Amino acid sequence: MYSVKLMVEEHDNILNLLTVIKKACCGIMDGQEVNDSDFRKIIEFARNYADKHHHGKEEQILFREMTDRLGDIGSKLIKQGMLVEHDMGRLHISELEKALNQYKDNPRTEAKLGIVTEAMGYANLLQRHIDKENLVVYTYAEKNLSPDVLESVDQRVRAFEAEADMNQIQETYIKILQELEEKYSASLL
Ligand SMILES: [Fe+2]
Ligand SMILES: [Fe+2]
């Protein structure tokens, strides 16, 4: 199915961001300075690509069909699982931004700890979240939604992608991700 294939590819991009986050945090643990501008780029990618672009399609299109059509199990899986985790991700990112601002104003170890804690909280949460979607949630949708609903999901996802493409969303954020990956390619985990 087109939509699931596309969203699994987006997961791969998000997982690459998580590797960058881990490398940046390990650098801080090893005594390197906090790179404010790299963390701002991480936040931008997390908000605009992982959340708005990727979670946007899940929440507005695929997950909506699952909660409406797959009974109690589908509804619980999405509402109490996936949507709660999207919210927790948003919270980690806004707390990360706060810690970065605090560190900029007053570079104390406590703020540095906040940066690493929130960034790694986000990375670990999203890692588990993506594994669950790839292995359980998307598979469940493909098996249990009817072919005409799946077809309509595909159509709406194609329209969402076309609009994002007009605004150069994919191009802009993949470029930011590639620059970060290149910069941290030599860092070991
Ligand atoms: Fe999700
Ligand atoms: Fe996802």
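The values are calculated or read from the model by the stated rules, or taken from the named source; none is laboratory data. Computed from a predicted model, the values in this text were never measured in an experiment. Cβ sites come from the backbone with ideal geometry, for glycine too, and all protein chains shown count toward neighbours.
Of note:
- Candidate set from the range 42-95 (those that are within 15 Å of ligand 2 (Cβ to nearest atom), more than 18 Å from LEU6 (Cβ to Cβ) and in contact (Cβ under 8 Å) with a residue 60 or more places away in the chain); member that is farthest from the chain's Cα centre (by Cα): LEU77
- Candidates ALA123, ALA159 - the one that is small (Gly, Ala, Ser) and within 18 Å of LYS22 (Cα to Cα): ALA123
- Single condition VAL153 does not satisfy, out of (1) under 25 Å from VAL20 (Cβ atoms); (2) over 20 Å from the mean Cα position of the chain (by Cα): (1)
- Applying a threshold of 7 Å to beta carbon distances and a minimum spacing of six or more residues, or different chains, the list of pairs starting in the range 3-30 at a residue that is of a type in the set (Gly, Ala, Ser) and ending at one that is within 16 Å of ligand 1 (Cβ to nearest atom) and assigned to a helix (DSSP H, G or I) reads SER3/LEU62; SER3/VAL153; SER3/VAL157.
- 2 or more residues within 16 Å of ligand 1 (Cβ to nearest atom), at pLDDT 95 or above and surrounded by 17 or more Cβ atoms within 10 Å (Cβ to Cβ): qualifying helices (runs of 4 or more DSSP H) within the range 91-189: 109-132, 138-144, 147-166
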